[in-house]
Every structure is written in C-alpha cells, then in structure tokens.
Amino acid sequence: MSNKGIPPNVRKAMLDEETGDGDGDVVNEAPRVDPPAPEVHPPAPVPAMPMDVASLMQAFLTAMTQANVSTAEAIKEALGNATTLARTPIPENAIDPGKSVFSHPDGDLVTPRTQLRCDMFLGLYDDEGVAKPAFEIFEDSCTEAERVELNKLQPGVYAGIERNDGVRGLWRVVQKQDDNGQPTRLIIAVPQQWLSQEQFMQMPGQLQFLKALNAGHVKTADAAA
C-alpha cells in the first residue's frame, strides 16, 4: 500500500503503532484543503490620449531629426510634395470646360447665343380653345438649336403632332403682342390631358415637337398658296 496521499498525522500514528509507541488509535483525518487564492487581474491599461495629425507628425520629425537629419529632411520634403499634389486639380478638372449641370446646355463659353423674341411657355388649351401657360421655357435652359426653332414659331393651329406613344393631337401656338406689334408672350398649347401626371411622360422632346410645329407651318403655308 502506498503512503502517497496519506496525511502526515495519520502516517505518524501508523508509524508509532508499528514501533510500539502508539496508543492504538489512528485518527484518519481528512486532508486539509486550503482555499484557492483569489485571482488577481492586472488593471486595465489606460487608453492613450489620441494625438492630432500635426502633433504626431511633429513628434515623428523630431525623432527622425535626432537620429538622422537627412532622412528627416527627405520625409519633410515628401510631405510637402504630397500636400501640393492634394491641392492640385486632377487633369480632367484642370481646365474649365465651360459646361456643367448648372450651366447652359451648349456651355457657358458658346457665343453668340440666340435670344428668344419674347417670353415663351408650354401650356394647354381648354375645351373652348383658350390657351393658358403652364411651364416657362427658359432661354438659358435651351440649346442653340431649340432657341432657333422657338423663334421660328408662328401663331396657328397644328394638327397631327405626335407623342412618344404614337397618339396624335392638335396643338395651338398663341402669341400676344403690344400696341406696337411686338410679341410679348407666346404659348405652345397642347390638349390639357397631355400635361396630366399620367400622360406627361409621353410628351415628345422639345426640339422634336418644335421641328414638327415649324414643319407643319410650312406645309400649311404651301397649301394656302
């Protein structure tokens, strides 16, 4: 029998019994178990305060200067070049093309630019044929080709102007003049349901319907002659 694992006091009592020094009683005490020592956790590291980029670069340059002056100068020069490049426009933006989403469709630098002879509107007419303006046609929002076609328009009634979905209708061009015979307002009027929310997307492009109106005027004039 192995004595391994027998408490010292029990082992001593057993030895005394064998040598005749014992009293006959062997006390089998349970081994003493010491409670485990509490775990000690190291304190959480305190996060370092963030440094701003300028302070960080200055500290870096100072350290590099102390170690190697030439290396620090090279880094400083490289940083300066990077800053310059960051401020330099990319090649495609280096030259202003004179055209943007906020400028004239043909570009701000395109001259000469035809001026509309009067205020012009896209509108509608009611059942009695009375034309009313709905959307103003801005000169700056038109291409040069559109402005030329707008100035060609003549008052009249134009039948058979086609929409994108193939539906044809009657259009009216109504022009008002002042006492001297100078035009003051022109309305290109379509059937009133054509400008409704459901049908507006079927309207032809502006240049397309302007050419159709001017072509219709030529045909009407030829027929009258």
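The values are calculated or read from the model by the stated rules, or taken from the named source; none is laboratory data. What you are looking at is a predicted structure, and each value in this text was computed from that prediction instead of being measured. Backbone-built Cβ (ideal geometry, glycine too); neighbour counts: all protein chains shown.
A few notes on this one:
- Here Cys118 passes the criteria (1) at pLDDT below 95; (2) of a type outside the set (Asp, Glu); (3) touching a Ser or Thr at 6+ places or on another chain (Cβ under 7 Å) except the one numbered (1).
- Filter pass, Arg172 being of a type in the set (Lys, Arg) and farther than 16 Å from Leu116 by Cβ: yes
- Any hit, region 138-156, residues being touching a Lys or Arg at 6+ places or on another chain (Cβ under 7 Å), outside any strand (DSSP E or B) and more than 17 Å from Gly216 (Cβ to Cβ): yes
- Unmet requirement for Asn180, which otherwise passes all of (1) polar (S, T, N, Q); (2) assigned to a helix (DSSP H, G or I); (3) farther than 23 Å from Cys142 by Cα: (2)
- Among the residues of region 184-207, those that are surrounded by fewer than 17 Cβ atoms within 10 Å (Cβ to Cβ) and either within 20 Å of Ser141 (Cβ to Cβ) or β-branched (Val, Ile, Thr) (or both) comprise Thr184, Arg185, Leu195, Phe200, Met201, Met203, Pro204, Gly205, Leu207.
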